[in-house]
1. Expressed as a whole number of Å, what is the distance separating the alpha-carbon centroids of the stretch E:9-57 and the stretch A:254-284?
2. Rounded to the nearest 500, what is the 222 nm mean residue ellipticity of the protein assembly as shown from helices alone, with -39500 (n - 2.57) per DSSP H run of 4+ residues and division by all residues?
3. Using a 7 Å offset from Cα along the direction of the beta-carbon, what are the separations from C:GLU55 to the same position in each other copy, nm, ascending?
4. Net charge within 13 Å of A:VAL61 by Cβ-Cβ distance, Lys/Arg positive one each and Asp/Glu negative one each, not counting A:VAL61 itself?
5. For chain A, modelled as a Gaussian network with Cα springs under 10 Å, which listed residue fluctuates most, A:THR237, A:THR39, A:THR131?
6. Need one number: nm distance between label points at A:ARG50 and A:GLU167, each 7 Å from Cα along Cα→Cβ, rounded to one decimal.
7. Across peptide A:134-147, what mean number of C-beta atoms from other chains lies inside 10 Å of a residue's C-beta?
8. Give me the inter-chain shielding for B:38-46: mean count of other chain Cβ atoms within 10 Å, whole number please.
Amino acid sequence: MSAEAERKTETIPEWKREEVAELTDFVESYNSVGVVNITGIPSKQLQNMRRGLHGSAELRVSRNTLVQRALDSVGAGFEDLEEYVSGQIGLIGTNDNPFGLYKELEASKSPAPISAGEIAPNDILIPEGDTGVDPGPFVGELQQAGASARIMDGSIHVTEDSLVAEEGDEVSEELANVLSELGMEPKEVGLDLRAVYSDGVMFESDELAIDVDEYRTDIETAAAFARNLSVNAVYPTEQTAPLLISKATGEAKSLGLQAAIESPDVVPDLVSKADAQLRALAAQIDDEDALPEELRG
Amino acid sequence: MEYVYAALILNESGEEINEENLTDVLDAAGVDVEESRVKALVAALEDVDIEEAVEQAAAVPAGGASAAP
Amino acid sequence: MEYVYAALILNESGEEINEENLTDVLDAAGVDVEESRVKALVAALEDVDIEEAVEQAAAVPAGGASAAP
Amino acid sequence: MEYVYAALILNESGEEINEENLTDVLDAAGVDVEESRVKALVAALEDVDIEEAVEQAAAVPAGGASAAP
Amino acid sequence: MEYVYAALILNESGEEINEENLTDVLDAAGVDVEESRVKALVAALEDVDIEEAVEQAAAVPAGGASAAP
Amino acid sequence: MEYVYAALILNESGEEINEENLTDVLDAAGVDVEESRVKALVAALEDVDIEEAVEQAAAVPAGGASAAP
Amino acid sequence: MEYVYAALILNESGEEINEENLTDVLDAAGVDVEESRVKALVAALEDVDIEEAVEQAAAVPAGGASAAP
């Protein structure tokens, strides 16, 4: 062993090298690898979340420097994930697709109270209504926090929806107390996906947010379009043959009625139509003497 | 009702809706014609746009009546 | 539609709806009667309960969709 | 309704809607053709704009009041 | 739509809705018959309850919207 | 309906809706392609403005014939 | 919409709606496939009951009843 190699062994302890090697293996074993923010998640909850991934994805937490070193050594584009490595993060790997991963992680988030000094992750709104709190100094606290509040019917009411913090604001001690008193949990706690590198493509979280309802609507629209085309172009399919039959029947009937065709299928409708016309005409006649009793308005 | 139908027939045939014509049609149908009603009807229809009234009825669903068996 | 109206007049006057009577009514109204249509109508009405067909129409709001011109 | 369908086919194929053509179509379909009904149909359709009458069926608001009891 | 009309005539006459019969009817109407469309129609109609589909149409107002002149 | 969907994809991709292209798309989707249905579709779409036909609601009785299960 | 149509073809042919199959269908149709759109579609459809959505479409005519021109 050379002196130089010896020195390197000293500066990079064995456990670190093993950790980097394991992280490297981890990154290489999945099609998609992402960086998740785990700030503020208590370790016990983190364990639960890890288990909650059901084997569809794996979470790995390590020192940021080691994570960066592993990403660097894998290369092939994964090193681009390094810019998302800051604060408390973990690596998440999956063979599922990144949109599915994002959906799963979002669905597993749970609401949590926000503490003083934290940054509001979104606008915080105190809704109009009875707070259920007895009259007392809380009215002033609410007002100080920026909510319109007064005492009504023996309790403290918020009189209108009140914006008390905007996204990005630091939450003050007073506001944190007020929200806590109201039992509001404005935070969503969970594995917060920052970015995923998947099959050569980097996806940031806002690109991964898909609106399932929109896709459902698209399916409905596509199905309706196909149905319309099938009927309008008279290309019958199993699904649209009944519609075409109904349409043809309706057309024949319409023609029968318009042309007053004396066909047994049409005549009952013609009789109805004649009666309807009679009534419609009678309705225009003001002089009741001109009408038989049954037609008088 | 038969008086009004008689008027509708005359409207379609393009004949004038007057007392004589109405009476003829009703007579032919075996109706015991009351002169005063004929008079009243002719007067009442003077200001009515029959085409328009009849078209309004066309908007009525005719579907109902089940096809004859 | 005049053929149908004629049948309905006969129905109200209580006369039989047959070719002869229909032709008479239509003739009186100045209609250029086509024998085949009269025949077809008589045949078609054979199995129709006119009262019922009329009631169907009555069950529906007449003039329904206002045909604003 | 087969007579009406026959007329509609002829309308689409661009052939004239006359007694002979109607009879041919109905014959081919195995219908026991009644001459008077064919005649009546031709007469009824004489002054009718078939395209328009057919399109009216399309203009019917879906979900319309079904008069069925 | 002529192919569908042809199927409906056969349905009413009680003849089988198969390629041969459809082709005969359309031929008689002067339609330049495309075999593939006939085939496709027969295939599509295989599991369809035609009576039911016809009744669906009957439940809907025909001739609805008034023909504004 | 898969044949219709295939035509709609080609329409969006701007490729010609012909037998070859349709067959390719359906093949790729694992459909056991029937030549006659492909032919019929091409024939049916020949003179059709697809954009328009797609958006025009199939004028059909509402509550319409329930899709085959 | 071509991605959605591709999914619907696969749904009808009974093939799995996954990235590979979707890409194959779109490729065959000459679509310049964007992998990320395919991925997003696959993920989104995991939570969509396609049969139900298709039936929903059948119950409500798309594109609103466009009155005859």
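1. If you average the Cα positions of each part, the centres end up 29 Å apart.
2. -16500 deg cm²/dmol
3. 2.1, 3.4, 3.7, 3.9, 4.7
4. On the way: positive: A:ARG50, A:ARG60, A:ARG63; negative: A:GLU19, A:GLU22, A:GLU58.
Once all neighbours under 13 Å are counted, the net charge is 0.
5. A:THR237
6. 3.2
7. Across the residues of A:134-147, the mean count of other-chain Cβ atoms within 10 Å is 0.
8. 4
Rule-based calculations on the coordinates, nothing more; no lab input. All values reported here derive from a predicted model rather than from experimental measurement. Note that each Cβ is placed from the backbone with ideal geometry, even for glycine, and that neighbours are counted across all protein chains shown.
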